[in-house]
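The values are calculated or read from the model by the stated rules, or taken from the named source; none is laboratory data. Please read all numbers here as calculations on a predicted model, not as lab measurements. Cβ sites come from the backbone with ideal geometry, for glycine too, and all protein chains shown count toward neighbours. Heavy atoms of the whole protein, side chains included, go into the accessibility calculation; ligands, DNA and RNA do not. Shrake-Rupley method; radii C 1.70, N 1.55, O 1.52, S 1.80 Å.
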Amino acid sequence: MIKALACLYRYGPLVVLIPLMLQHYAVAGMLILFFSIWNAYGYKKKWRHIYCAYQSMSHQQMTPCYIDWDNVKKREVIGISVTEAFLGIMMIFICFL
């Protein structure tokens, strides 16, 4: 179940956002902003599916039963979250221009 949730976390936004960006740019920006907050909050709360998603991004086997948060770099999580938040805010801003 955790592995499926990690795959949904990793690939789900692409499936939803690509068609949405073609029609509703501001809504897509809000979803990206929400996703960045979810990413940072999930890392802070140490959710297992977030850990497994980062393992998958690093091309490692997902181990939901054995979690070592020291393997996930904090700067990587913060960098991804800030980049996503910036992208979401810029999409919303561009929509209102």
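Using a Gaussian network model of the chain in which every pair of alpha carbons under 10 angstrom is joined by a spring, one finds that among Ile78, Ile50, Ile18 the greatest mean-square fluctuation is at Ile18. Annotation for the stretch 14-94: trypsin sites (Lys or Arg not before Pro) lying in DSSP loop with at most 12 further Cβ atoms inside 10 Å of their Cβ are Lys46, Lys73. Surface composition of the chain: carbon plus sulfur atoms contribute 70% of the solvent-accessible area (1.4 Å probe, protein chains only, all chains present).
For the stretch 41-48, putting each phi into the Karplus relation 6.51 cos²θ - 1.76 cosθ + 1.60 with θ = phi - 60° gives couplings of 5, x, 5, 5, 7, 6, 6, 5 Hz, in residue order, rounded to whole numbers and with x for Gly and Pro.
Taking all protein chains together, Glu84, Glu76 sort by accessible area into Glu76, Glu84, largest first [probe 1.4 Å]. Built from the Cα atoms of the chain, the convex hull projects on average onto 6.2 nm², one quarter of its surface area. Of the residues Cys95, Tyr41, Gly12, the one whose Cα sits farthest towards the positive end of the charge dipole of the chain is Tyr41 (charges of +1 on Lys and Arg Cβ, -1 on Asp and Glu Cβ, taken about the Cα centre). Classify the stretch 1-53 from the C-alpha gyration tensor, please: rounded if a/c falls under 1.5, else prolate or oblate depending on whether a/b exceeds b/c. It is oblate, given that a/c is not under 1.5 and a/b is not larger than b/c.
Each residue, Val16 and Phe96, gets one label point 7 Å from its Cα in the Cβ direction; the gap between the two is 2.2 nm.
Could you calculate the contour length gain from Leu87 to His59, that is, 0.36 nm times the residue separation minus the distance between their Cα atoms, to one decimal place in nm?
Net length gain for the segment: 7.6 nm.
Per residue, the chain exposes an accessible area of 68 Å² to a 1.4 Å probe, with every protein chain left in place.
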